[in-house]
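What follows is a single structure, written as structure tokens, with notes after it.
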Amino acid sequence: MSIQTYRAKWILPIDAEPMEDGEVVVEDGRIAAVRARVSGSTADRDFGDAVLAPGFVNAHTHLEYTVQRGFLEDVPFFPWVRALNAAKAHLSPDDWLMSSRLGAMECLAGGITTIGDNTDAGVTMTVASESGLRATIYQEIFGIDDREPIAPILEALRGKIEAHRRFASDRVRAGVSPHALYTLRPELLRALAEYLRVESLPSSIHIAESPAESALMERGEGPFWEMYLRRGITWTPPGVSPTRYADDLGLLNAGTLAIHCVQQDESDIAAVANSGASIVHCPKSNAKLGAGIAPLARWLKTEGLTVGLGTDSAVSNNTLDMFEEMRAALLMQRGVQRDVEAVSARDVMRMATLGGAEAMGWGDVTGSLTPGKRADLAAIRLSRPHTTPATDPYSALVYSARADDVVMTLCDGDALYDEGAWRTIDGTATLSAAREIRARLSDAMKRGA
């Protein structure tokens, strides 16, 4: 039997009130106790002026894009999508693998223990398994052109899911990402909804992200519509909002992550809540791409609706920093609502931990410091100038802290990151390879190769 005791000035369970001068006892990878410091006893690690919190749950990201950080700056949404797709042709499977490792490094260094990752190349299943991250990996699928038969697309997807299942474990699960409503034709989306139902697979789909998507769905106009015309793609606008269209096709169910949902009204929000699906909020990515500010404050007031938090990719956000994401989510809502009570620090901290875990079906395993759950922990120092003095852990983490304040990250009680050292990833080799890949990609794009 393996038992460790970790102490800190603050323990932040999420599902209970913060505890000052406390400790977390870990037994064989599970949380055995969350308690006040036991006088006269010793700890395996005393973090001092710090917070022990659940590891963050980054419910939406694309680790394979990490090497493209800063690659497409200040570009509107539609041209950004096209340029990102063009760049894919210049990266090999080994490049995607190394890029995903770089993303995993950043996650672990920032206290992230669980990810919801959408992958086209499929390599993050390998990276999650080798790095020790807890993860649901959603294999992306595309298919807007009705000249492409559906059967071979589904057969290829089945093959990829079977390959992913070989890596599946107690920490890593496979899922499917029907990429977006504008990259898949309705017949294929219906077929995918049925496949997901039969196979009982979780799903993640980008929905209602941009005004361009709404223009396409509701009115048959805008840049996506013009792209269809240029490519000779036959497609009939449904004449409803993206959320309503997804619901009508059977894509919104328990086990579905509806990503972004920026362009939503009250009926759209009710449709997601009634379906049992969850929403993942990505405020920095939405703002950077000019997509808008999602109605987070309304989501949080909607009964039965679970909301998680995600960074999206490093190419649309630049960092995988959940502290920044929490801060952006809160501040944007207060600014647009002109109401200091619109969203609280507790709200966004819950979204970044237990909310994301519940959204992805990991809520009984992780997301809070609850005895019996797996020991997924982040130790976050509060002793530096920008976090001193700290008298409330929620306030300190949401308004002041940042990713480089993380001291240690544990998953299943295993220390995967500790004081600048990664235990499961060769950091030096990964950083070196990432720089070389990026230089090669930049050169290829400049030459138009």
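Observations on the model:
- Of all positions in region 65-87, at least one carries a residue that is aliphatic (A, V, I, L, M) and within 28 Å of residue 400 (Cα to Cα).
- Considered as a group, the residues in region 340-371 that are over 25 Å from residue 387 (Cα atoms) and free of Cβ contacts under 8 Å to residues at least 12 places away in the same chain include one that is surrounded by the fewest Cβ atoms within 10 Å (Cβ to Cβ), and that residue is 364.
- Of all residues in region 157-172 being small (Gly, Ala, Ser) and surrounded by 12 or more Cβ atoms within 10 Å (Cβ to Cβ), the one that is farthest from residue 141 (Cα to Cα): 168
- Of the strands (runs of 3 or more DSSP E) lying entirely inside region 46-130, those containing at least 1 residues that are polar (S, T, N, Q) and either in contact with an Asp or Glu (Cβ under 9 Å, 6 or more places away or on another chain) or touching a residue at least 60 places away in the same chain (Cβ under 8 Å) (or both) span 56-61, 112-119.
Rundown of residues vs (1) surrounded by 20 or more Cβ atoms within 10 Å (Cβ to Cβ); (2) outside the structural domain of residue 308 (by TED's automatic domain parsing); (3) touching a Lys or Arg at 6+ places or on another chain (Cβ under 6 Å); (4) farther than 22 Å from residue 287 by Cβ, yes/no style:
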{"residue": "181", "(1), (2), (3), (4)": "yes, no, no, no"}
{"residue": "202", "(1), (2), (3), (4)": "yes, no, no, yes"}
{"residue": "208", "(1), (2), (3), (4)": "yes, no, no, no"}
{"residue": "222", "(1), (2), (3), (4)": "no, no, no, no"}
{"residue": "226", "(1), (2), (3), (4)": "no, no, no, yes"}
{"residue": "230", "(1), (2), (3), (4)": "no, no, no, yes"}
{"residue": "237", "(1), (2), (3), (4)": "no, no, no, yes"}
{"residue": "248", "(1), (2), (3), (4)": "no, no, no, yes"}
{"residue": "258", "(1), (2), (3), (4)": "yes, no, no, no"}
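- Qualifying residue in region 320-331 (condition: without any contact (Cβ under 8 Å) to a residue 12 or more places away in the chain, under 16 Å from residue 282 (Cα atoms) and either among the basic types (Lys, Arg) or in the same structural domain as residue 119 (by TED's automatic domain parsing) (or both)): yes
- Where helices (runs of 4 or more DSSP H) sit wholly within region 295-408, those with at least 1 residues that are more than 24 Å from residue 29 (Cα to Cα), at pLDDT 95 or above and not small (Gly, Ala, Ser) occupy 296-300, 322-337, 345-350.
- Restricting region 398-412 to residues that are among the small types (Gly, Ala, Ser) and within 17 Å of residue 353 (Cβ to Cβ), the residue that is surrounded by the most Cβ atoms within 10 Å (Cβ to Cβ): 401
- 3 or more residues more than 16 Å from residue 299 (Cα to Cα): qualifying strands (runs of 3 or more DSSP E) within region 202-283: 203-207
- Applying the criterion of being aliphatic (A, V, I, L, M) and over 10 Å from residue 314 (Cβ atoms) to the residues of region 59-75, the residue that is surrounded by the fewest Cβ atoms within 10 Å (Cβ to Cβ) is 75.
- Any hit, region 179-187, residues being charged (D, E, K, R), more than 23 Å from the chain's Cα centre (by Cα) and not in a loop (DSSP other than H, G, I, E, B): yes
- Region 260-287, subset touching a residue at least 60 places away in the same chain (Cβ under 8 Å) and closer than 20 Å to residue 347 by Cβ, residue surrounded by the fewest Cβ atoms within 10 Å (Cβ to Cβ): 286
- Scope region 382-397; condition surrounded by fewer than 19 Cβ atoms within 10 Å (Cβ to Cβ) and closer than 17 Å to residue 13 by Cα; matching residues: 391, 392, 395
The values are calculated or read from the model by the stated rules, or taken from the named source; none is laboratory data. The model shown is predicted, which means the values in this text are computed figures rather than measured ones. Cβ coordinates were reconstructed from backbone atoms using ideal geometry, including for glycine residues, and neighbour counts include every protein chain displayed.
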